[in-house]
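Peer 1: Sharing a structure with you now.
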Amino acid sequence: MASVEAAKTKVMRVVSLSPFTAALCFAGACLVEGMSLHFKFKTQATDPGSVLILIVLCIALRFSPALRARPWLTIPFDVFAVVVVVLDFTLILPWQAQAFGLPLIDDVVHAFDLSIGFDHVTWMGWLNGQPDVAWGLGIVYNTMIPQTALIIILCLMTGRIRHLDRYLCAFAIAIILTSALSILLPTRGIISILDPSLRNLPGWPFAATDIATYDALRSGALRDLIGVPKLGIVSFPSFHAASAVLATWAFWAWRPARCPAVALNSTVSIATVGCGGHYVADVLAGFFVATCSILLAVRGSNLGYTLLNHIKPISRSNVQRDAGSPEIA
């Protein structure tokens, strides 16, 4: 009897991603589909119907006792499906958001940077004189995707599925928030005030928003996005800065990774101003987006797992026996 009571105090072993993650994937697919219909965009995005099929398939796999007892077979499928869908609207939604074409606020944002004493022309001039620093910042700037992949792998290898669920939720929410804010507060980025003749110098922001493409999205001249979208169309807020905060937060679960993550992603934030052609205000707004995304993701993920617990009673086979499990949170 005592052992049963003790078992009830333990946390259920997490053997799937939460329903909140599935809802975010479906919402993202619906947003892309809705924008495509409204603005007549052509994309290769996964349609909401296909996302629903993936969700149903993930749920159906849980009905097999053999697979339910072997989550290492089903969890990778869940993660693969979520990553595919999230990557889909990560590459497309920010581009579609620019079609609203509200008045640009570059003057306001640039004035803010100047008011805090940061001049981008001076910064780029310094980088031009420090080619090795510019080269190093470029390498660090491109670590966003590798960091994301490493976080997913570490979570899977260490069984931190709940932590992975929160991270994927936060990533998806950050994309949606970034896209929404870029609609309300559109900017071309700092590249719009730089001298184009300096393009081949070491300090030039190679990952900055392409002005011609950005203007074509705003004017309606560009509506065929098949094979076109890449990261880097949104200036305000900076998703790169947001992702740096998300990565630091995710790596915090592993004590040895904390200091390296802080150092690396602090440098990513600095590189975002140079390599990404962002205003300092873009980076600060990215930090705000990341903070909101983490808070919403943690709350949403917890509610999702609470729903799962109510739907399926905790059985002895599903109870986590190890009180020191990384899933206890």
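Peer 1: Filtering the range 194-247 down to residues that are among the basic types (Lys, Arg), touching a residue at least 60 places away in the same chain (Cβ under 8 Å) and assigned to a loop (DSSP other than H, G, I, E, B), which residue is farthest from PHE171 (Cα to Cα)?
Peer 2: The qualifying residue farthest from PHE171 (Cα to Cα) is ARG223.
Peer 1: Give the range 118-177 a look and list any residue that's under 14 Å from the mean Cα position of the chain (by Cα), surrounded by 17 or more Cβ atoms within 10 Å (Cβ to Cβ) and among the aliphatic types (A, V, I, L, M), or say none.
Peer 2: Once the filter is applied, which keeps residues that are under 14 Å from the mean Cα position of the chain (by Cα), surrounded by 17 or more Cβ atoms within 10 Å (Cβ to Cβ) and among the aliphatic types (A, V, I, L, M), the range 118-177 yields MET144, ILE151, ILE152, LEU164, LEU168, ALA170, ALA172, ILE173, ALA174, ILE175, ILE176, LEU177.
Peer 1: Only one of ALA180, ALA208, ALA221 is small (Gly, Ala, Ser), farther than 26 Å from VAL298 by Cβ and surrounded by fewer than 20 Cβ atoms within 10 Å (Cβ to Cβ). Can you tell me which?
Peer 2: Of the residues listed, the single one that is small (Gly, Ala, Ser), farther than 26 Å from VAL298 by Cβ and surrounded by fewer than 20 Cβ atoms within 10 Å (Cβ to Cβ) is ALA221.
Peer 1: Give the residue, chosen from ILE153, ILE161, ILE139, that is among the β-branched types (Val, Ile, Thr) and under 14 Å from GLY276 (Cβ atoms).
Peer 2: ILE139
Peer 1: Next question. Out of the residues in the range 156-193 meeting the condition of being of a type outside the set (A, V, I, L, M, F, W, C) and in a loop (DSSP other than H, G, I, E, B), tell me which one is nearest to HIS240 (Cα to Cα).
Peer 2: GLY189
Any read-out appearing in this document is the output of simple, stated calculations on the displayed coordinates, not a laboratory observation. Remember, predicted model here, so these are calculated numbers, not experimental data. No Cβ is skipped: glycine too gets one built from the backbone with ideal geometry, and neighbour counts run over all protein chains shown.
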